[in-house]
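Comments concern the structure below.
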Amino acid sequence: MIRLRMKSIPIIREEGSDRAYVECASGKLPVHTRCSYCMNCKGIQVGARVMPSPYEIAYSQIKGGSVPPEILMEAAMQFNSLVRDGSAVACDDEKGHGYTPRFKSRL
């Protein structure tokens, strides 16, 4: 078994809101709209466990083709639930590059 060295970035919650942020190499970023789509995000720490990012799992299902929208929508809902219950983001950005998009834009 290969064990990755990851850093744990605490989730900062906004008082009276559902917004959650992390302080990473790119600055203060929203977890729901940046970490979820970042190549460096490997999971969310919930209690003593690090739960793998649902996007990591969905991304592994891409085999040169397109992924059905249902897979990505399910990953989004699962990620939001993990963030709600979690305390930190598991990040493998050892070089300090910060936010790196997981999916390339076609624009």
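No value in this document is a laboratory result; all are computed from the given coordinates. None of the values given here were measured: they were computed from a predicted structure. Backbone-built Cβ (ideal geometry, glycine too); neighbour counts: all protein chains shown.
A few notes on this one:
- Sites listed here are GluC sites (Glu not before Pro) in the range 7-107 whose DSSP assignment is loop and whose Cβ has at most 14 other Cβ atoms within 10 Å: E14, E15, E94.
- Within a Gaussian network of the chain (alpha carbon springs, distance under 10 Å), most fluctuating of K95, K42, K28: K95
- In the elastic network of the chain, a GNM with C-alpha springs shorter than 10 Å, the most mobile of V83, V46, V31 is V46.
- Diffusion coefficient, µm² s⁻¹, Stokes-Einstein with Kirkwood Rh over alpha-carbon pairs of the chain at 37 °C and 0.692 mPa s: 230 µm²/s
- GNM result for the chain, Cα springs below 10 Å: residue of Q45, Q61, Q78 fluctuating most strongly: Q61
- Over the range 7-89, Cα pairs under 8 Å with separation of 6+ residues give a relative contact order of 34 percent.
- Each of G16, P69, S87 was scored by the projection of its Cα onto the charge dipole of the chain, and the greatest displacement toward the positive side belongs to P69; charges sit on the C-beta of Lys, Arg, Asp and Glu.
- Here is how the number arises for the chain: DSSP H runs of 4 or more residues each give -39500 (n - 2.57), the sum is divided by the residue count, and the result at 222 nm is -7000 deg cm²/dmol.
- Cα Rg, Dmax (largest Cα-Cα span) when computed across the range 1-54, Å: 11.9, 42
- 0 to 90° range, to nearest 10: angle between helix 69-85 axis and the chain longest Cα axis: 10 degrees
- Placing pseudo-labels 7 Å out from each Cα toward the beta carbon at K95 and S81 gives an inter-label distance of 3.5 nm.
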